[in-house]
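What follows is a single structure, written as structure tokens, with notes after it.
The values are calculated or read from the model by the stated rules, or taken from the named source; none is laboratory data. On a predicted model such as this, the values are computed, not experimentally measured, just so you know. For neighbour counting, all protein chains shown are included, and Cβ atoms are generated from backbone atoms with ideal geometry for every residue, glycine included. In case anyone asks, the SASA skips ligands and DNA or RNA and just uses the protein heavy atoms, side chains included. Shrake-Rupley method; radii C 1.70, N 1.55, O 1.52, S 1.80 Å.
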Amino acid sequence: MPLSKLNTEQHQAATAPYGENLIIASAGTGKTSTIVARIAHHLNAGVKPEELLLLTFTNKAAAEMIERVSRYYDTSITNKIESGTFHAVSYRLLKRAGIQIVLKQPKELKLVLKSIHEKRNFSYIDAPAAPYSASHLYDMYSLFQNKAGEGYFSDWLAEQNPDHEPYGDIYEHIFEEFKEVKERFGYVDFNDLLINFREYLKTHDIHFKEILVDEYQDTNRLQGSLIDGFKSSSLFCVGDYDQSIYAFNGADINIIGSFKDKHPAATVYTLNKNYRSSEAILSLANRVISKNERIYPKELIVTKEGNFPSPKLMVFDELFSQYEAISQKIKTSSTPHEDIAVIFRNNGSADGIEANLREQGIPCKRKGGTSFFETKEVKAILDMFTIMINPRDMMSFIHIFEYARGVGGVFAKDLFDALYKVGDGSIIEGILKPKDKKNPYKTNVINHQLGLFDDFYEEQSMAKYKKQGYPDRFLKNPILKHSKINNDLMAYLFDFYTYIHDNKHLNSPKHIIKNIANSALFKRIAETLATKRATQKDGSVHEGIKEEALNNIKRKAELLQHLSRAYKDKYRFINALTLGGNELTEGEGVNLLSIHASKGLEFKEVYIIDLMDGRFPNRKLMSKNGVEDGINEERRLFYVAVTRAKEILYLSYASYDKVKKIDYLPSPFLEEAGMVQSKVNALMEELKN
């Protein structure tokens, strides 16, 4: 039975008397086993399964716990346990009560809010900032519901961003109308679902003998009010304040921190035996997390026996060198790929690792952020490369020209067909040396009955473009005479012409990638992508974000150039990247994980990368929560990352970024961990010498 396998502390918690119980379960201390045993304890005592409510952070976690209980009890019993996320349980119980719910995704409701938002006049308001777009306003209101829960949205927003205080009344009126529209059609979003269920509980008694809450440190105020709404006489809340890392999503660490204040008669149990990590790894994690304020005292005991290596710090002169060396180290590791994880704080940090693992032929799977090979800029570079390999590749051409202003997929295909025709089956010949000088757009059949709707061709003069300095050899191409080709598209086509002309004889993948990155055509694409990524909700472009986006695009291009060094032949290079791409980034392989995606997982061998001050901790994100709260949150992220490792842990940082041309100092967490000397001590040593 589950209870027989517990240690003393787990058993005490699992068999705790009814009442308010808080279980502090640090990383690797067996919280899931304790929750499963608690459920078994109730069933053994004759509690009906339908009298138990299990609330989890994900439905997958709930299913796994119920499955483990089902190893000891028949499914006819365990299937009656109410379990799932706050949203899943609320939906199910309301539906069971006969209340029909039309649950809508945020994307759909943002369109409704936009229609209301567009009717408002903001022009007469004198404010230091432009009003939020409907989409951003929806997100801010959702955060308000999760974090504040009561009061006026406008008051809360004024505290978050004083520049928007002048719009407060308009924002309130927008959401009043939004609420009326939703009620008229019976629409609810995820927050409405919890709020509606909380209101239902005020007039209806849904009684559970006990409510069990997993990942209690990640609950927000709205979820906390729902727990209160059940009015259960017994709570069994399991969590760890050191692993509270969802503040950006509304999670409130004060909920677990104030449990004893809210429930004076509560009993706090601590699971203090760690079964996951080696003593050296756990000691490192504790040295760092102890810098945060201790809400509840705890001292972990290591139970893992054996001789395990101490955590190692790897220092590199440059970012790319770091990624290359770690990939090489993984290649020579005896640990199975599936039991290795590379954990990153920022999505861009994973690109170098993913690209270098690809070069080594090592399969990997990425969770948290977009795969390097799926980013738009990398796809654009590979499309430009592919055109040189296969001048009949229509899709690559269409993808490239979708970045041209005013050119959609349909017109891009028309351009391809025209080049294909005048190039006798090759768009390279079509753009450089058109063989057929006739109009490539004219059709042989004209439908006179539908003449008003025919997409007819109208020829334009090249005289104005000749004055703009375009060479005759380019202007003589018959595809340019289409009336839809304007100044912007003419410039885009000339950049395409120049790119093809400069690269048609090259065979070296390295040189082709370098030329692509430096080409006017790719710079146009990069400018488009960076501008889009830097466009704020009010339509303005944030120049700082744009510059950072351009640097990230440049870094990806350099990574591709780095990958291409191992190939002499352009055909083998593109085949390796396109044919082997999916095989190396899906299924089994090395785990590339953001810290949030790594939570709850464990691996024999772990690499935590880019531990530089500014990147981890992420100073920009810290400033949003305030310096003190921000550094505490970043420190908890570091703690979560470190405690994913069971036996082998590598920490790494690079001192220079050749793309941004900036120097880095090691993360302060490395100093707190005792892996690097403090700046003060280092200076003292230098003065001594």
**Study point:** Distance between modelled label sites at Y656 and K620, nm, 7 Å Cα→Cβ extension
**Key:** 2.4 nm
Exercise for review: Could you tell me which label, among (1) 3, 15, 21, 17, 12, 10, 9, 7, 4, 2, 0; (2) 3, 12, 18, 18, 16, 14, 11, 6, 1, 0, 0; (3) 3, 12, 18, 20, 20, 15, 8, 4, 1, 0, carries the value of P(r) over Cα pairs in 10 Å bins from 0, in percent calculated for this structure?
Suggested key: (3)
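How charged is the neighbourhood of E359? Take every other residue with its Cβ under 9 Å from the Cβ of E359, and add Lys/Arg as +1 and Asp/Glu as -1. The partial results should precede the final answer.
Values: positive: R358, R565; negative: E324.
It works out to a net charge of +1.
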Review point. How much length is gained on full extension from D74 to D139, taking 0.36 nm per residue of separation minus their Cα-Cα distance?
Key: 19.1 nm
Study note, to complete from the structure: Any residue on another chain or 5+ positions along whose placed amide H is under 5 Å from the amide H of E20 is listed here as L235, T267
Exercise for review: Sort largest first and round to whole Å: the equivalent ellipsoid semi-axes of segment 361-425, each the square root of five times a Cα gyration tensor eigenvalue.
Suggested key: 28, 15, 7
Practice item. For the chain, find the longest principal axis of its Cα atoms and tell me its angle to the long axis of helix 376-389, 0 to 90°, nearest 10. Key: 40 degrees
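Quick one: putting +1 on the C-beta of Lys and Arg, -1 on the C-beta of Asp and Glu, what dipole do you get for the chain around its Cα centre, in Debye to the nearest 20? If you can, show how the numbers build up before the last one.
On the way: 92 positive and 91 negative charges, 425 e Å.
Approximately 2040 debye in magnitude.
Give, in nm to one decimal, the length gained when the segment between K504 and I99 is fully stretched (0.36 nm per residue of separation minus the Cα-Cα distance). Before the final figure, lay out the partial values.
On the way: separation 405, 0.36 × 405 = 145.80 nm, distance 6.64 nm.
So the extension gain works out to 139.2 nm.
For segment 208-362, calculate the relative contact order in percent as a whole number, restricting contacts to Cα pairs under 8 Å that are 6 or more residues apart.
Working: 129 pairs, mean separation 26.1, N = 155.
Computed value for segment 208-362: 17 percent relative contact order.
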Check your understanding: Whose amide H sits under 5 Å from the amide H of S83, counting only residues 5 or more places off or on another chain, with H placed in the peptide plane?
Key -> L54
Study note, to complete from the structure: Against the 2.2 N^0.38 Å rule of thumb, the C-alpha Rg of segment 255-393 sits at a ratio of 1.55
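Dividing the alpha-carbon radius of gyration of segment 179-287 by 2.2 N^0.38 Å (N being the number of residues), what value is obtained? Before the final figure, lay out each step's value.
Values: Rg = 17.8 Å, N = 109, 2.2 N^0.38 = 13.1 Å.
Normalised by 2.2 N^0.38 Å, the Cα Rg of segment 179-287 equals 1.36.
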Exercise for review: Over the chain, with every protein chain in place, what whole percent of the accessible area is carbon and sulfur at 1.4 Å, could you tell me?
Suggested key: 49 percent
Practice item. Round to the nearest 10 and report in Å² the accessible area of V410, as given by a 1.4 Å probe over the protein chains' heavy atoms. Key: 120 Å²
**Study point:** Per-residue ³J(HN,Hα) for segment 520-531, Karplus 6.51 cos²θ - 1.76 cosθ + 1.60, θ = phi - 60°, Hz, x for Gly and Pro
**Key:** 5, 5, 5, 5, 5, 4, 4, 4, 5, 5, 5, 5
Review point. Binned at 5 Å from 0, what are the whole-percent values of the Cα-Cα distance distribution for segment 252-325, short to long?
Key: 3, 12, 15, 15, 14, 13, 11, 9, 5, 2, 2, 0
Review point. What lysines could a cross-link reach from K435, if we take a straight Cα to Cα line under 23 Å and drop same-chain neighbours fewer than 8 places away?
Key: K413, K421, K466, K476, K481, K484, K504
Revision key, fill the gap. Expected field for V407, accessible surface area in Å² at 1.4 Å probe radius, rounded to 10, holds 10 Å²
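May I ask you to work out the translational diffusion coefficient for segment 1-99 at 20 °C, viscosity 1.002 mPa s, via Stokes-Einstein with Rh from the Kirkwood sum over Cα pairs, reported in whole µm²/s?
Working: Rh = 14.2 Å.
The Stokes-Einstein estimate is 151 µm²/s.
Suppose accessible area is computed on protein heavy atoms with a 1.4 Å probe; arrange H501, H337 from highest to lowest. Kindly include the intermediate steps, with their values, before the conclusion.
Values: H501 80, H337 55 Å².
Per-residue accessible area, sorted high to low, gives H501, H337.
Could you give the length gained by full extension between N487 and K209, i.e. 0.36 nm per residue of separation minus their alpha carbon distance, to one decimal place?
On the way: separation 278, 0.36 × 278 = 100.08 nm, distance 7.27 nm.
Once the chain is fully extended between N487 and K209, it gains 92.8 nm.
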**Study point:** Net charge of Cβ neighbours under 12 Å - reference S233; Lys, Arg +1; Asp, Glu -1
**Key:** -1
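Beyond 22 Å, what share of the Cα-Cα pairs of segment 470-564 remains, rounded to the nearest whole percent? If you can, show how the numbers build up before the last one.
On the way: 2024 of 4465 pairs.
Tail of the P(r) past 22 Å holds 45 percent of the pairs.
For segment 61-169, what does the convex hull of the Cα positions come to per residue, in cubic angstrom? Spell out each step's value before the answer.
Numbers: hull volume 16.0 nm³, N = 109.
Dividing the Cα hull volume of segment 61-169 by its residues yields 147 Å³.
Determine the relative contact order of the chain: mean sequence separation of Cα pairs under 8 Å and six or more apart, normalised by residue count, in whole percent. Write out the running numbers ahead of the final one.
Values: 1034 pairs, mean separation 116.7, N = 689.
This gives 17 percent for the chain.
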Review point. For the chain, what proportion of DSSP beta bridges, expressed in % and rounded to the nearest 5, is antiparallel?
Key: 10 percent
Study note, to complete from the structure: Counting only residues 5 or more apart in sequence or on a different chain, those whose built amide H sits under 5 Å from that of G589 are E338
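Local charge sum around P128 (other residues, Cβ-Cβ under 11 Å, Lys/Arg +1, Asp/Glu -1)? Each step should come with its number before you reach the end.
Details: positive: none; negative: D126, D163, E165.
For residues surrounding P128, the net value is -3.
Can you give the translational diffusion coefficient of segment 310-358 in µm²/s, computed by Stokes-Einstein from the Kirkwood radius over Cα pairs at 20 °C and 1.002 mPa s? Working shown, then result.
Values: Rh = 11.6 Å.
Calculated translational D: 184 µm²/s.
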Point to revise | Value of [θ]222 nm, deg cm²/dmol, for the chain, DSSP H segments ≥ 4, -39500 (n - 2.57) each, nearest 500 | key: -14500 deg cm²/dmol
Exercise for review: At 1.4 Å probe size, with no ligands or nucleic acids counted, give the accessible surface of R615 in Å², nearest ten.
Suggested key: 30 Å²
Check your understanding: Karplus couplings for segment 651-661 from phi (6.51 cos²θ - 1.76 cosθ + 1.60, θ = phi - 60°), rounded to Hz, Gly and Pro as x?
Key -> 10, 9, 8, 10, 8, 8, 10, 6, 6, 7, 6
Review point. Quick one: if you stick a label point 7 Å off each Cα along the C-beta vector at D228 and E293, how many nm between them?
Key: 2.1 nm
